[in-house]
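Here's the structure we're looking at; comments come further down.
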C-alpha cells in the first residue's frame, strides 16, 4: 500500500490580524516572486501551492505559510486509478506553484509565474524628504538631530540679519516684520521636514501616517513622540514596503547624542523644579520667623502700657498718707 501524499491548499484566507497587503508581500518574499504575480493567488479560488508531500513536509510548509500570514490547509491527495498508458510526463504537477511555472495563463486555476518583474528588494530605499518609506528608531533620532543642528545656525543667521536691518534702517518696524516673516517661513519648512520623518517612522510601525495628528491633541500629544522613539518597528515587510536598511555608525552616534541631550534636559528640568521648591520653602520659613517676632513685640507693648497705668495709683496713695 502506497504512502498517503498531501497537498498545501490555499483559497485566499488570511490569519487573524493580518491585512492582505502584508500577506502578499510576505508570500512574495517567501516564494521570491513579484507581488503582482502573487495577487493572482488571492482570487478566492482553491489553489494547490505545493503537492505530493509527505505529512512532515506538508506540516513544515504549512508552518512557514502561517508565519507569513497565509491561512492555508493540508489536504490528502485522492487515490485515483489511472491507466499508466495514458499518463504523460510533465515537468510540473498540475496546480502546484513553482517559480519556473510555465502553465497556461488562461486557466483560472493556473498559478502565477514567479519572475514576472523585479524581485522584492531586501531593504527599502531611504527617502529623507518624502512621506513614503520607513525608518527605524535610531535613524528617526539621528535625522531629527541633524534637522535640529541645521535649524539652529539658520535661525541665528536670520536673527542677525533682522537685527542688522533694524540698526541700518530708519524704519525699525518694517525690518522687524520682515525678520519675523523670515523666521516663520524657516520654522514652517523645518516643521514640514520633521513631519515627514514622523510619518516614515509611523510607517515602520505599520501605522498610518495620519496618526501624526495625535501630536496636536493636548496632553496625549506630549507623550506621543516618546512612543515613536521607544516602539520597535516591523521586522519584515509591511504594507508600506520592505524594512529600512541597517543603521550606519553615523546614525548610531547621532541617535545616542540625541538621547544624551534628552537626558540632560530632563535632569535640568528636575534641578529647576527642586531649586524652586527649595526657594519657596526658605521663603515660607523666613516669613514665619518674621511673623513670630512681630507677634512678640506686640505682646510686650500692652505689658508696658499696663505698667505705666498702674504707677499713678501708687503715687496717689503715698500723697494721702
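The values are calculated or read from the model by the stated rules, or taken from the named source; none is laboratory data. Please read these numbers as outputs of a predicted model, since none were measured by experiment. Counting neighbours? That spans all protein chains shown, and the Cβs are built from the backbone with ideal geometry, glycine included.
Could you look through region 152-192, keep only residues that are surrounded by 13 or more Cβ atoms within 10 Å (Cβ to Cβ) and closer than 23 Å to residue 129 by Cβ, and pick out the one that is modelled with the highest pLDDT?
190
Looking at region 1-30 only, could you name the residues that are over 29 Å from the mean Cα position of the chain (by Cα) and surrounded by fewer than 21 Cβ atoms within 10 Å (Cβ to Cβ)?
1, 2, 3, 4, 5, 9, 11, 12, 13
Mind listing whichever residues of region 187-219 are free of Cβ contacts under 8 Å to residues at least 24 places away in the same chain, outside any helix (DSSP H, G or I) and on the phi < 0 side of the Ramachandran plot?
If the condition is that a residue be free of Cβ contacts under 8 Å to residues at least 24 places away in the same chain, outside any helix (DSSP H, G or I) and on the phi < 0 side of the Ramachandran plot, then 207, 208, 217, 218 are the ones that fit.
Inside region 9-30, can you point out the residues that are free of Cβ contacts under 8 Å to residues at least 40 places away in the same chain and touching a helix residue (DSSP H, G or I) at 6+ places or on another chain (Cβ under 6 Å)?
Of all residues in region 9-30, those free of Cβ contacts under 8 Å to residues at least 40 places away in the same chain come to 11-12, 16-17, 20, 24, 30.
The answer is 12, 24.
Hey, among the residues in region 220-252 that are in contact (Cβ under 8 Å) with a residue 40 or more places away in the chain and in a helix (DSSP H, G or I), which one's farthest from residue 27 (Cα to Cα)?
Filtering region 220-252 for residues that are in contact (Cβ under 8 Å) with a residue 40 or more places away in the chain and in a helix (DSSP H, G or I), the one farthest from residue 27 (Cα to Cα) comes out as 250.
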